[in-house]
Amino acid sequence: MDVFGNNMDTGALSHKFWDGYQWQPSVQDLENLGDNYGGPPGAVSGNTSIMDIFTVGHDSSLQHKYFDGTAWKPSETEMDILSDSGELDKSFAPSATSWAPGRLDIFSRGADGTLLHKYFDGSSWGPSYTGLEDLGGDLLTGPAAVSWGLNRNDIFAVEILTGLVHKYWDGSNWSDWEDLGVGSLFYETPAVVSWAENRLDVFAVNSDGSLTHVYWDGSQWKIEDLGGSKLTGTVAAVSWAVGRIDIVALGQDAGYYYKYFDGSNWSDWFPKRGSFSSAPSVVSWSENRLDIWGITTDNQLGHQTWHGSDWYPGPDQWEMLGGPVEAYIQ
């Protein structure tokens, strides 16, 4: 398991990982993977033992580094520059997908509010090494991207006048932007998961602090209100099995809240407490396993784990794994 963030004091790209036995480089330390990066990082793994990291630099360029199973490239502290300066909005993390081994698709909000796209086809970057594909739109937020199958990408964002919108790649062409019909009362980047082919679940916090769920069941879009009337920021969502979704959200009281779908019904909201200044992050690396992350109000990296039968260190307790780490609400 790998965790990435930005050092609050230096702007460095910081990294911590679990090697199967213990935290590295230590329980309270994070390693420096390079200084002076402007925005939050995004990560994706498109092949065994390979990790790709994307971030937006202080000059608003797209930057990239990767771990090849042995070492970080191009070096421990350097990044590849994949666009011209000034092109991206560094307020939002890039969103990346991989629909096949060696394939990468990166999506980011442009400085002018359009959706920008870059891809790696297994041998080279497209549309060119420093070029970006303009996919249009008038985005208020960053994008959320997911792939439910070979040669498929689905992108979600909030447009300034329209609200929650959707665009997809079908293997041959990009669709137009589609209005999902839930109005324009959204201001935060949405979250999206897919637990099966032709299934999409999208979550966004409404302006009244409730959580809206929009899902594609294979034939049509449906909308439901999941409550949680005092939420803020971008929610974190993950699926570890067909029909299973776990959600973590930041409350206006700075605590985290947890909710899950078991294939038939939604649970209530459960308070996870804590005092956080960032939106949460949640990952699952096996069935019935969850790891929740967040940045506390004193800029420490907080962590809680579901092992399949109980929460560690407790259902409303958190282990602190070092800092200082910069918090991003989106």
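The values are calculated or read from the model by the stated rules, or taken from the named source; none is laboratory data. Quantities reported herein were computed from a predicted structural model and do not represent experimental measurements. In this analysis, Cβ positions are derived from the backbone assuming ideal geometry, glycine residues included, and neighbour counts consider all displayed protein chains.
Filtering GLY5, GLY11, GLY46 for residues that are part of a loop (DSSP other than H, G, I, E, B), modelled with pLDDT under 90 and not charged (D, E, K, R) leaves a single hit, GLY11.
The residues of region 62-80 that are charged (D, E, K, R) and free of Cβ contacts under 8 Å to residues at least 24 places away in the same chain, listed by number, are ASP68, LYS73, ASP80. All of (1) in contact with an Asp or Glu (Cβ under 8 Å, 6 or more places away or on another chain); (2) under 16 Å from ASN153 (Cα atoms) hold for ASP105 with one exception: (1). You will find that of LEU132, LEU139, the residue that is touching a Lys or Arg at 6+ places or on another chain (Cβ under 7 Å), buried (at least 22 other Cβ atoms within 10 Å of the Cβ) and closer than 25 Å to TYR215 by Cα is LEU139 and no other.
Across region 22-33, not a single residue is classified as on the phi < 0 side of the Ramachandran plot, crowded, with 20+ Cβ neighbours inside 10 Å and in a strand (DSSP E or B). For region 68-83, a residue qualifies if it is crowded, with 19+ Cβ neighbours inside 10 Å and either at pLDDT 95 or above or of a type in the set (Phe, Trp, Tyr) (or both), and the qualifying residues are TRP72, LEU82, SER83. Restricting the search to strands (runs of 3 or more DSSP E) fully inside region 147-246 and requiring at least 3 residues that are surrounded by 15 or more Cβ atoms within 10 Å (Cβ to Cβ) gives 153-159, 163-169, 191-193, 200-205, 211-216, 231-238.
Quick one: would you say ASN299 is farther than 22 Å from VAL192 by Cα, out of contact with any Leu (no Cβ under 9 Å at 6 or more places or on another chain), in a loop (DSSP other than H, G, I, E, B) and not aromatic (Phe, Trp, Tyr)? Taking the combined requirement at face value, the residue satisfies it.
Residue count for region 203-223 satisfying the condition of being of a type in the set (D, E, K, R) and touching a Phe, Trp or Tyr at 6+ places or on another chain (Cβ under 8 Å): 1.
Looking at region 84-91, can you tell me whether even one residue there is within 20 Å of the chain's Cα centre (by Cα), at pLDDT below 95, surrounded by fewer than 23 Cβ atoms within 10 Å (Cβ to Cβ) and not charged (D, E, K, R)? Taking every residue of region 84-91 in turn, at least one turns out to be within 20 Å of the chain's Cα centre (by Cα), at pLDDT below 95, surrounded by fewer than 23 Cβ atoms within 10 Å (Cβ to Cβ) and not charged (D, E, K, R). Among residues of region 201-212 that are under 25 Å from ASN153 (Cα atoms), those with a beta-carbon under 7 Å from a residue that is of a type in the set (D, E, K, R) and assigned to a loop (DSSP other than H, G, I, E, B) at least six positions away or on a different chain give the pairs ALA204/GLU188; VAL205/GLU188.
For beta carbons closer than 7 Å, sequence separation of 6+ or different chains, a first residue in region 180-193 that is polar (S, T, N, Q) and a second that is outside any loop (DSSP other than H, G, I, E, B), the qualifying pairs are SER184/GLY163; THR189/ALA144; THR189/THR234. Hey, could you check region 96-128 for residues that are assigned to a strand (DSSP E or B) and of a type in the set (A, V, I, L, M, F, W, C) and say which is farthest from the chain's Cα centre (by Cα)? The extreme case among them is TRP125. Across region 308-319, a minimum of one residue is classified as more than 22 Å from THR10 (Cα to Cα), part of a strand (DSSP E or B), polar (S, T, N, Q) and over 21 Å from the mean Cα position of the chain (by Cα). Selection of region 71-114 for residues being touching a Pro at 6+ places or on another chain (Cβ under 7 Å) and within 22 Å of ASP138 (Cα to Cα) yields ALA93, SER95, ILE106, PHE107, SER108, ARG109. I'd like to check something: does region 253-271 contain any residue that is within 25 Å of ALA96 (Cβ to Cβ) and outside any strand (DSSP E or B)? Scanning region 253-271 turns up no residue that is within 25 Å of ALA96 (Cβ to Cβ) and outside any strand (DSSP E or B).
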